[in-house]
Every structure is written in C-alpha cells, then in structure tokens.
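J.: Sharing a structure here in structure tokens format.
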C-alpha cells in the first residue's frame, strides 16, 4: 500500500513488462485490489492509494 498517485500501477506494469493495469494522471483510477503475475511463483498486488484520516479535534491528534 502507498499514497495516492505514487506510481504503484505504473511500477507493476513496468516490472511485469505488461500494460495490465490501467494508469492515469488523476487519483481514483485503481478502484479495487488487483493481483498481477510476474513469474510462475511471484504475484504483486495493486491497491488503491490510501490517505491518512484527518482529525479535527486536537485531543484525538495527540
């Protein structure tokens, strides 16, 4: 898992020598988890990006 727009899908496409995963220049292109087989015994998981929650209350943040 990684932040939004960090190139997870592009990285997986590059090392697998395929264009299996859809990529774009805006957030929200990857909507669900997707397994991509790199070799017979190696698979990579592409996931949507994650964001840390924003806490408005100062008590919760500390």
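J.: Considering region 45-61 alone, what residues qualify as being outside any loop (DSSP other than H, G, I, E, B), at pLDDT 70 or above and farther than 15 Å from residue 22 by Cα?
T.: To start, the set of residues in region 45-61 that are outside any loop (DSSP other than H, G, I, E, B) comprises 45-46, 50, 58-61.
Still in the running and at pLDDT 70 or above: 45-46, 50.
50 - this is the single residue of region 45-61 that is outside any loop (DSSP other than H, G, I, E, B), at pLDDT 70 or above and farther than 15 Å from residue 22 by Cα.
J.: Would you pick out the residues in region 16-44 that are modelled with pLDDT of 85 or more and in contact with a strand residue (DSSP E or B) (Cβ under 7 Å, 6 or more places away or on another chain)?
T.: Across region 16-44, the qualifying residues are 16, 33, 34, 35, 36, 37, 38, 43, 44.
J.: Let me spell it out: the conditions are (1) modelled with pLDDT of 80 or more; (2) in contact with a strand residue (DSSP E or B) (Cβ under 6 Å, 6 or more places away or on another chain), and residue 1 meets all of them except one. Which number is the exception?
T.: The number of the failed condition is (1).
The values are calculated or read from the model by the stated rules, or taken from the named source; none is laboratory data. Here the structure is a predicted model, which is why all the values come from computation and not from measurement. Because the Cβ atoms are built from the backbone with ideal geometry, glycine has one as well, and the counts that use them run over all protein chains shown.
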